[in-house]
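Input: a single structure, listed below in structure tokens.
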Amino acid sequence: MEFNAFRKILLKKGLEAGFSECEIYYTQGESLSISVYEGEVEKYNLEKSKGLSFRGLINGKMGYSFTEILDFDALNMLIKNAKESALNVECDDIQFIYKGDKNYSKVKTYSEDLENIDPSKMIDLVLNIEKEAKSNDKVANINGCKISYSSSSHSIYNTNGLELNNKSNILMAYVVPVVENNGQKQDGIGYLIVDSIDKLNPKQIAKDGINEAMSKLNGSSIESKKYKTILYKDAMASLLETFSNTFSADAAQKGLSLLKDKEGEIIGSEVLTIVDNPLLNNGLASTPFDDEGVATYKKELVSSGRLNTLLHNLKTAHKANTKSTGNGFKASFASSIGVECSNLYIEAGDKDLDELMKIVDEGIMITDLAGLHSGANSISGDFSLAAKGFYIKDGVKTHPIEQITVAGNYFDLLKNIEVVGSDLKFPMSNVGSPSVIVKELSVAGK
């Protein structure tokens with residue numbers, strides 16, 4: 001059945017079945033990914049997906065159901081399953097079907113330049129990326145070379161008259177060259193995320209990957225002690241992403257975040273501002289509305305070190321007697337509403353990486369962190385992570401460092417940030433950061 005006909009019948013049947021309010025969330029998308037190896041296409045994956053979830057309030061309880069098939073049988077199944085799930089709800093939390101906002105911001109999430117993308121052109125590009133990387137005589141092999149295109153749309157319709165639609169698409173390519181010198185091997189990654197296939201530069205992607213790999217060669221450990229440290233943009237972004245759930249009001253209300261009831265308090269350095277911005281043009285998590293239909297907006301979670309707000313959906317906002325921040329999102333069409341960040345990042349400063357190194361004078365720069373899933377406690381903030389980077393002396397990089405472990409506490413680290421750099425970047429994620437100088441970081445080495 002065609003979607004528009006299906007959703008009109010479903011909402012009508014929902015009210016007739018006793019639901020006081022009903023809502024439909026519908027998503028569909030497609031993706032094409034191509035991996036190459038040794039000059040040939042290794043994998044070619046084309047996937048299409050769609051799904052619909054139905055939820056409704058009955059006797060004050062919210063029931064959920066979902067389907068991937070839109071037919072007459074699905075209509076009755078959705079209503080039946082939603083009723084049954086509402087009866088089984090034991091939680092007393094008040095839930096809402098949103099009536100909508102007066103205004104929704106415009107944000108660029110879709111590029112017409114990527115429409116009807118030619119797969120053969122994608123294949124040529126990714127083969128050229130691998131060829132460019134292998135043309136360097138220091139490259140021993142390629143650990144991965146891939147190009148992918150994805151597009152999706154999501155819609156919300158409810159019996160309160162809300163009708164919202166948005167679509168997005170993106171093109172991404174990367175290569176992971178492995179370089180070898182005197183028997184030692186290191187890898188690096190080069191990548192680009194673009195809104196036009198003409199902006200995909202194979203030479204630049206290969207060059208970035210090779211340069212990163214080459215810079216890691218001949219690394220050595222360093223003495224165990226505390227060092228003045230630059231956390232390079234990629235490393236700082238990975239830390240911010242690992243601990244992003246601390247800003248969730250849902251986590252706080254469940255006692256899983258140390259930021260519970262800390263709004264208005266100083267939690268970081270005065271140079272630190274952390275932003276959640278769903279209106280960032282071409283951001284990987286940009287959207288004019290969340291999955292509850294609440295209008296999204298740019299917000300400073302932390303301003304000059306002070307915690308302004310946690311991230312809320314309608315349920316957590318009601319509990320906290322505040323307004324939703326437009327961060328009610330679903331992991332998939334079949335999921336219930338949770339709380340998630342959109343494009344989360346530390347606001348950039350005005351000093352480039354060379355200036356940061358001059359300020360440090362002597363210390364270290366951490367570029368890679370490993371073990372974030374097992375070595376970081378997202379509740380306490382404690383972390384102990386394998387790391388790589390560079391030693392800094394007289395304000396310049398001198399040699400690579402490896403076989404070290406950095407340890408500390410994330411919340412202490414936020415307070416010890418002294419300078420924020422200007423090199424903000426999102427490393428293939430919706431969480432980004434510039435490089436930052438931290439007063440000191442404990443290093444276990446030799």
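The values are calculated or read from the model by the stated rules, or taken from the named source; none is laboratory data. Here the structure is a predicted model, which means the values were calculated and not measured. Backbone-built Cβ (ideal geometry, glycine too); neighbour counts: all protein chains shown. What goes into the accessible areas is simple: the full protein's heavy atoms, side chains included, and nothing from ligands, DNA or RNA. Shrake-Rupley method; radii C 1.70, N 1.55, O 1.52, S 1.80 Å.
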Output the number of the condition that R55 fails; it satisfies all remaining conditions of (1) more than 23 Å from K315 (Cα to Cα); (2) touching a strand residue (DSSP E or B) at 6+ places or on another chain (Cβ under 9 Å); (3) surrounded by 13 or more Cβ atoms within 10 Å (Cβ to Cβ).
-> (1)
Selection count, region 119-157, where residues are open to solvent by 20 Å² or more (accessible area, probe 1.4 Å), in a helix (DSSP H, G or I) and of a type in the set (A, V, I, L, M) = 3
Being aromatic (F, W, Y) and out of contact with any strand residue (DSSP E or B) (no Cβ under 6 Å at 6 or more places or on another chain) narrows F333, F329, F390 down to just F329
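Taking region 85-106 on its own, how many of its residues are among the charged types (D, E, K, R) and closer than 18 Å to L15 by Cβ?
Residues in region 85-106 being among the charged types (D, E, K, R) and closer than 18 Å to L15 by Cβ: 1 in total.
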Looking at region 216-269, which of the residues that are among the hydrophobic types (A, V, I, L, M, F, W, C) and farther than 18 Å from T309 by Cβ is surrounded by the fewest Cβ atoms within 10 Å (Cβ to Cβ)?
-> L217
Which residues, counting only those in region 60-76, are surrounded by fewer than 17 Cβ atoms within 10 Å (Cβ to Cβ) and either aliphatic (A, V, I, L, M) or closer than 18 Å to N158 by Cβ (or both)?
-> G60, I69
Residues in region 176-193 that are open to solvent by 10 Å² or more (accessible area, probe 1.4 Å) and of a type in the set (G, A, S): how many?
-> 1
Give me a count of the residues in region 30-80 that are small (G, A, S), more than 25 Å from the chain's Cα centre (by Cα) and either assigned to a strand (DSSP E or B) or under 30 Å from E16 (Cα atoms) (or both).
-> 5
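Conditions (1) of a type in the set (D, E); (2) over 20 Å from V302 (Cβ atoms); (3) open to solvent by 20 Å² or more (accessible area, probe 1.4 Å), marked per residue:
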site	(1), (2), (3)
D394	yes, yes, yes
K397	no, yes, yes
I401	no, yes, no
T405	no, yes, yes
N409	no, no, yes
L414	no, no, no
V419	no, no, yes
S429	no, no, no
I437	no, no, no
State the number of residues belonging to region 131-176 that are more than 14 Å from L192 (Cα to Cα) and either out of contact with any Leu (no Cβ under 7 Å at 6 or more places or on another chain) or not β-branched (V, I, T) (or both).
-> 32
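Has region 91-106 got any residue that is over 30 Å from N143 (Cβ atoms) and over 29 Å from the mean Cα position of the chain (by Cα)?
yes
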Hey, can you tell me all the residues within region 194-206 that are in contact (Cβ under 8 Å) with a residue 12 or more places away in the chain and buried (at least 17 other Cβ atoms within 10 Å of the Cβ)?
-> V194, D195, I197, L200, P202, I205, A206
Test result for S65, at pLDDT 95 or above and either closer than 30 Å to Y174 by Cβ or polar (S, T, N, Q) (or both) = yes
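Would you mind stating whether N116 is farther than 18 Å from S332 by Cβ, in contact with a strand residue (DSSP E or B) (Cβ under 7 Å, 6 or more places away or on another chain) and loosely packed, with under 11 Cβ neighbours inside 10 Å?
So N116 fails the test.
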Taking only region 374-387 into account, find how many residues are touching a residue at least 24 places away in the same chain (Cβ under 8 Å) and either in a loop (DSSP other than H, G, I, E, B) or surrounded by fewer than 19 Cβ atoms within 10 Å (Cβ to Cβ) (or both).
-> 5
Restricting to region 12-29, what's the tally of residues that are open to solvent by less than 80 Å² (accessible area, probe 1.4 Å) and under 33 Å from the mean Cα position of the chain (by Cα)?
-> 8
Which residues, taken from region 317-334, are within 20 Å of P288 (Cα to Cα) and not charged (D, E, K, R)?
-> A317, S324, T325, G326, N327, G328, F329, A331, S332, F333
Picked from region 158-175 (must be crowded, with 18+ Cβ neighbours inside 10 Å and within 21 Å of the chain's Cα centre (by Cα)), the residue farthest from S53 (Cα to Cα) is V175
Those residues that are buried (at least 19 other Cβ atoms within 10 Å of the Cβ) and modelled with pLDDT of 95 or more, I need them from region 334-347; list them, please.
-> V339, E340, C341, S342, N343, L344, Y345, I346
Go through (1) modelled with pLDDT of 95 or more; (2) more than 19 Å from T242 (Cα to Cα); (3) in a loop (DSSP other than H, G, I, E, B); (4) over 15 Å from the mean Cα position of the chain (by Cα) one by one and return the number of the condition A317 breaks.
-> (3)
Report, ordered by the first and then the second residue, all pairs with beta carbons closer than 9 Å, sequence separation of six or more or different chains, a first member in region 63-79 that is under 14 Å from K13 (Cα atoms) and touching a residue at least 24 places away in the same chain (Cβ under 8 Å), and a second member that is in a strand (DSSP E or B) and open to solvent by 90 Å² or more (accessible area, probe 1.4 Å).
-> L78/F66
